[in-house]
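Written out below as structure tokens is the structure these notes cover.
The values are calculated or read from the model by the stated rules, or taken from the named source; none is laboratory data. Note that the coordinates shown come from a computational prediction; the quantities given were computed from them, not determined experimentally. Glycine gets a Cβ as well: all are built from the backbone with ideal geometry, and neighbour counts include every protein chain shown. Surface accessibility is based on the protein's heavy atoms, side chains included, excluding ligands, DNA and RNA. Shrake-Rupley method; radii C 1.70, N 1.55, O 1.52, S 1.80 Å.
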Amino acid sequence: MTEFPICRLKTRPQFDTLPVMKVTQYPLEPRDYKPFAQGLLAVDPQRLYIRLWAFETPPEPESRIICVLRDQQELRIEAGPQALEITLDGKPIEALLAHPFTGEDLQGKYWGWLAELPADLLGELTPGRQLRGNLYKRSDGKRPHTGSFYPMANPMEPLAAENDGVFVVCDF
């Protein structure tokens with residue numbers, strides 16, 4: 001299994017230059033509904049950046065993009081078309097900045113969120129530091145689906161730690 005980079009930068013990121021993780025694993029999807037969802041992670045000396053977006057027209061209210069990062073603590077960012085929830089070990093936390101965005105490009109119409117959190121929320125993110133986690137796209141609405149970036153060892157429990165892959169902090 002490959003490691004996905006959390007890019008460590010000296011200043012605020014230029015998002016279109018960073019590596020992007022794509023949700024491509026839909027192990028329980030019997031139909032052909034596999035929404036294209038993406039995410040990226042970066043850190044500078046002050047902030048941890050999490051950008052999540054999905055291509056859905058229109059997005060269902062139940063639609064979610066979820067990024068989970070684990071070490072001694074669990075950080076969960078859950079983005080929906082209308083709201084963003086961030087928890088640390090199950091307790092709500094406030095982002096330094098969080099804003100939704102929508103748009104359209106050659107792939108279609110998308111919705112998403114950018115969240116900025118304190119850089120030291122999960123401890124010092126130095127080069128080589130590894131975290132475990134995954135990126136998910138889920139909905140229990142009219143078009144139910146569950147997909148992930150890293151393959152799920154247990155798709156019946158998609159947010160379980162056994163479905164995690166490795167994220168590694170690297171200088172960019």
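With Leu18, Leu40 as the choices, which residue is among the aliphatic types (A, V, I, L, M) and within 18 Å of Ile86 (Cα to Cα)? Give the steps one after another, and end with the answer.
On the way: Leu18 fails: within 18 Å of Ile86 (Cα to Cα).
The unique qualifying residue is Leu40.
Which members of the range 79-88 meet the condition of being touching a strand residue (DSSP E or B) at 6+ places or on another chain (Cβ under 6 Å) and open to solvent by 50 Å² or more (accessible area, probe 1.4 Å)?
The one that is touching a strand residue (DSSP E or B) at 6+ places or on another chain (Cβ under 6 Å) and open to solvent by 50 Å² or more (accessible area, probe 1.4 Å): Glu85.
Among Leu159, Leu135, Leu125, which is the only one that is aliphatic (A, V, I, L, M) and farther than 18 Å from Ala79 by Cα?
Details: Leu159 fails: farther than 18 Å from Ala79 by Cα; Leu135 fails: farther than 18 Å from Ala79 by Cα.
Just one listed residue meets the conditions, Leu125.
For the range 15-35, name all the residues that are in contact with a strand residue (DSSP E or B) (Cβ under 8 Å, 6 or more places away or on another chain) and not in a loop (DSSP other than H, G, I, E, B).
Phe15, Met21, Lys22, Val23, Gln25
Could we say that Phe55 is surrounded by 13 or more Cβ atoms within 10 Å (Cβ to Cβ) and within 16 Å of the chain's Cα centre (by Cα) here? Reasoning before the result, please.
Working: surrounded by 13 or more Cβ atoms within 10 Å (Cβ to Cβ): yes; within 16 Å of the chain's Cα centre (by Cα): yes.
Taking the combined requirement at face value, the residue satisfies it.
Could you check the range 79-93 and list, in sequence order, the residues that are assigned to a loop (DSSP other than H, G, I, E, B) and within 11 Å of Leu117 (Cα to Cα)?
Going residue by residue through the range 79-93, those that are assigned to a loop (DSSP other than H, G, I, E, B) are 80-83, 89-90, 93.
Passing the criteria: only Ile93.
For (1) assigned to a strand (DSSP E or B); (2) modelled with pLDDT of 95 or more; (3) more than 17 Å from Tyr136 (Cα to Cα); (4) not small (Gly, Ala, Ser), each residue gets a yes or a no:
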site	(1), (2), (3), (4)
Pro13	no, no, yes, yes
Ala37	yes, yes, no, no
Leu48	yes, yes, yes, yes
Ile77	yes, yes, no, yes
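So that you can scan it fast, the table gives a plain yes or no per residue for (1) in contact (Cβ under 8 Å) with a residue 40 or more places away in the chain; (2) basic (Lys, Arg); (3) closer than 18 Å to Ala115 by Cα:
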position	(1), (2), (3)
Cys7	yes, no, yes
Val20	no, no, yes
Leu28	yes, no, no
Ala42	yes, no, yes
Phe55	yes, no, no
Cys67	yes, no, yes
Gln72	yes, no, no
Ile77	no, no, yes
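Got a sec? Which of Gln72, Gln25, Gln46 is surrounded by fewer than 18 Cβ atoms within 10 Å (Cβ to Cβ) and under 23 Å from Asn163 (Cβ atoms)?
Details: Gln25 fails: surrounded by fewer than 18 Cβ atoms within 10 Å (Cβ to Cβ); Gln46 fails: under 23 Å from Asn163 (Cβ atoms).
The unique qualifying residue is Gln72.
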